[in-house]
Amino acid sequence: MGDVLSQNEIDNLLAAISSGELDADEFRETNEKQIKNYDFKRPSKFSKEHLRTLNIIFEHYARLLSTNLPAYLRKNVQVEVINSEAVTYSEFSNALSNPLILGIVDFSPLEGTIIIELANNLGYAIVDRMLGGGGYPLEKARDYSEIELTIIERIITICTNLLREPWANVIQLQPRLMRIETNSQFAQIIAPSEMISLVTLNIKIGSIEGMMNICLPYVCLEKVIDKLNTKYWYSTMQMSDDKSYQDIIEFAISKVKVPLRAVLGKSTISVNDFMNLQKGDIIKLNSKVDDELNIYVGNIYKFTALPGASSGAYAVKISSIIREEE
């Protein structure tokens with residue numbers, strides 16, 4: 001609410017208008033709302049909030065690529081998000097040059113498809129690395145062979161499957177790589193005037209650096225566009241974070257098998273005696289029959305136990321637990 005004028009201020013204002021010191025038309029113009037041009041060819045379907053949330057999603061995706069791709073390429077891989085912006089599909093497609101690597105991905109259960117574009121130098125480096133080379137690109141670009149496309153398709157499939165986890169707070173995705181295209185003319189998934197969100201990632205494989213562009217059409221994300229805001233994002237994360245992760249970790253740890261060994265005793269003999277050991281020879285240990293045995297979990301001294309038998313097999317009975325502070 002604006003400031004309330006006193007009677008004296010009102011009288012002074014009327015006097016200034018009457019004397020011509022203040023132009024009433026100029027005063028009226030200053031209170032008019034400013035008009036902002038709207039380009040109907042580029043409607044603002046993606047807000048800054050949507051792009052910010054997509055940036056968070058693909059930062060998670062970048063971390064997954066950084067940890068999973070080295071297992072296949074056997075080389076250090078670093079991935080980071082460079083930018084996320086809203087553009088028309090024609091702007092994206094016009095910037096493409098052949099040959100190129102375009103992965104057409106079915107974004108089920110959402111309608112439509114997305115595109116994963118991989119820089120040529122990264123594609124050649126991946127092929128070289130997967131075939132036992134040092135992971136270096138070609139000096140001059142050329143068309144990919146069928147064998148090379150099969151190798152690249154395997155890596156793009158891995159990248160596609162990794163999309164599930166980052167999107168889990170928004171929707172349970174089942175992405176599937178449909179095909180690989182090397183010509184942009186065969187990748188017209190939507191009308192040229194349709195808006196897309198373009199997320200750009202920088203990928204570094206060893207010393208080779210290149211870009212990965214992920215094209216997300218608005219028509220594909222329309223059903224979940226309301227969920228692409230940080231408020232929904234963080235509230236969803238808080239509902240499913242600490243307790244669920246703790247239960248999963250505890251369950252996974254409980255299934256891990258660890259070596260357990262009972263040490264009957266120790267002894268020292270010469271190498272000559274060791275080499276001449278025969279069946280029936282006796283080695284004197286430094287412990288007695290009724291002494292407790294040391295029980296090790298891995299290499300950690302954890303229990304003491306008494307020797308015995310159970311169901312015809314050798315066994316030990318735990319007599320005490322060794323705490324960490326002991």
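Considering the stretch 215-243, the residues that are of a type outside the set (S, T, N, Q) and more than 30 Å from LEU102 (Cα to Cα) include one that is modelled with the highest pLDDT, namely LYS231. In summary, GLY112 fulfils each of the numbered conditions (1) surrounded by 22 or more Cβ atoms within 10 Å (Cβ to Cβ); (2) closer than 19 Å to LEU173 by Cβ with the single exception of condition (1). Listed by first and then second residue, the pairs with beta-carbon distance under 9 Å, at least 6 apart or on different chains, first residue in the stretch 97-124 and within 29 Å of LYS223 (Cβ to Cβ) and assigned by TED's automatic domain parsing to the domain that holds GLU148, second hydroxyl-bearing (Ser, Thr, Tyr) and in a strand (DSSP E or B), are ILE104/THR113; VAL105/THR113; ASP106/THR113; PHE107/THR113. So which residues in the stretch 264-301 are aromatic (Phe, Trp, Tyr) and surrounded by 10 or more Cβ atoms within 10 Å (Cβ to Cβ)? The answer is TYR296, TYR301.
Residues of the stretch 134-192 that are touching a residue at least 12 places away in the same chain (Cβ under 8 Å) and polar (S, T, N, Q): THR157, THR160, ASN161, ASN169, GLN172, GLN174, THR182, ASN183, SER184, GLN188. Checking the structure you have, find out if any residue of the stretch 72-95 is at pLDDT 90 or above, within 16 Å of SER184 (Cα to Cα) and within 25 Å of the chain's Cα centre (by Cα). Looking through the stretch 72-95, none of the residues is at pLDDT 90 or above, within 16 Å of SER184 (Cα to Cα) and within 25 Å of the chain's Cα centre (by Cα). For the stretch 194-201, does any single residue satisfy the condition of being over 15 Å from ILE104 (Cβ atoms), of a type in the set (Val, Ile, Thr) and surrounded by fewer than 19 Cβ atoms within 10 Å (Cβ to Cβ)? Yes, because at least one residue in the stretch 194-201 is over 15 Å from ILE104 (Cβ atoms), of a type in the set (Val, Ile, Thr) and surrounded by fewer than 19 Cβ atoms within 10 Å (Cβ to Cβ). Anything in the stretch 162-179 that is out of contact with any helix residue (DSSP H, G or I) (no Cβ under 9 Å at 6 or more places or on another chain) and not in a loop (DSSP other than H, G, I, E, B)? List them, or say none. Residue satisfying the conditions is MET178 alone. With respect to the conditions (1) at pLDDT below 85; (2) β-branched (Val, Ile, Thr); (3) surrounded by 13 or more Cβ atoms within 10 Å (Cβ to Cβ), THR304 lacks only one, and its number is (1).
Residues checked against (1) touching a strand residue (DSSP E or B) at 6+ places or on another chain (Cβ under 6 Å); (2) assigned to a loop (DSSP other than H, G, I, E, B):
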site: ILE269; (1), (2): no, yes
site: PHE274; (1), (2): no, no
site: GLN278; (1), (2): no, yes
site: ILE282; (1), (2): no, yes
site: LEU285; (1), (2): no, yes
site: ASP290; (1), (2): no, yes
site: ALA305; (1), (2): yes, no
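Here ALA187 clears all of (1) at pLDDT 80 or above; (2) under 23 Å from SER93 (Cα atoms) except the condition numbered (1). Counting the residues of the stretch 119-159 that are surrounded by fewer than 15 Cβ atoms within 10 Å (Cβ to Cβ), polar (S, T, N, Q) and assigned to a helix (DSSP H, G or I) gives 1.
The values are calculated or read from the model by the stated rules, or taken from the named source; none is laboratory data. On a predicted model such as this, the values are computed, not experimentally measured, just so you know. Cβ sites come from the backbone with ideal geometry, for glycine too, and all protein chains shown count toward neighbours.
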